[in-house]
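Asker: The structure is given below, and queries will be raised subsequently.
Each value in this text was obtained by applying a stated rule to the coordinates, not by laboratory testing. Quick caveat: nothing in here was measured; it's all calculated off a predicted structure. For neighbour counting, all protein chains shown are included, and Cβ atoms are generated from backbone atoms with ideal geometry for every residue, glycine included.
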């Protein structure tokens, strides 16, 4: 799969980088996911909160995704670890699926490795994006 350009706001970039600084002593398994997030951030196009396209997955965005293997649709909100609650659909940026979603747009397909292979999700809609709603510092 060809890598697509991803967008991260300057505000989100700063907060995620600070979060990553505190994760250096995590286990090797978790470290692998964190390195993937760092790679995504390194290649991201950084934009101001006011200039991010409205269909980009940013922090605190709510997205609808479809699992391309099972066909199941789910709605997630991408959050920081302290706010994560999978039962409420709040997925941490440090979870593999959170790392996979950040910066991509509605219509994009994201992939990430799981023990059983590779999961593929299509972002069918960005239902809420704080920046598009004028909520620049959630």
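Asker: Stretched out fully, how many nm does the piece from residue 135 to residue 118 gain, at 0.36 nm a residue minus the Cα gap?
Answerer: 2.7 nm
Asker: What is the diffusion coefficient of the chain in µm²/s, taking the Kirkwood radius over Cα pairs and the Stokes-Einstein relation at 4 °C with a viscosity of 1.567 mPa s?
Answerer: 86
Asker: Neighbouring Cβ atoms within 10 Å as the yardstick, rank 74, 90, 50 fewest first. Present the calculation step by step, with values, prior to reporting the outcome.
Answerer: On the way: 74 13, 90 17, 50 9.
So the ranking, lowest neighbour count to highest, is 50, 74, 90.
Asker: Still on this model: Based on the mean of other beta carbon atoms within 10 Å per residue, what is the order of 32-43, 97-108, most packed first? Don't skip to the answer; put the middle values down first.
Answerer: Working: 32-43: 14.8, 97-108: 21.0.
Ranking, from highest mean packing down: 97-108, 32-43.
Asker: Mind checking the full-extension length gain between residue 111 and residue 68? Use 0.36 nm per residue of separation minus the Cα-Cα distance, one decimal, nm.
Answerer: 14.5 nm
Asker: Sticking with this one: What's the ranking of 58-67, 10-19 by average number of surrounding C-beta atoms within 10 Å, highest first? All intermediate terms of the calculation are to be shown ahead of the outcome.
Answerer: Working: 58-67: 20.6, 10-19: 16.3.
Descending packing order for the listed peptides: 58-67, 10-19.
Asker: Quick one: compute the contact order of the chain, relative version, from alpha carbon pairs under 8 angstrom and 6+ residues apart, as a percent.
Answerer: 28
Asker: Restricting to the stretch 7-128, what percent of DSSP beta bridges are antiparallel, rounded to 5?
Answerer: Around 75 percent of the beta bridges assigned by DSSP in the stretch 7-128 are antiparallel ones.
Asker: Let me ask something additional. Taking 37 °C and 0.692 mPa s as the conditions, I'd like the Stokes-Einstein D for the stretch 51-98 in µm²/s, using the Kirkwood hydrodynamic radius from alpha carbon pairs.
Answerer: After rounding, the answer is 290 µm²/s.
Asker: For the stretch 58-138, what does the convex hull of the Cα positions come to per residue, in cubic angstrom?
Answerer: Residue-normalised Cα hull volume stands at 90 Å³.
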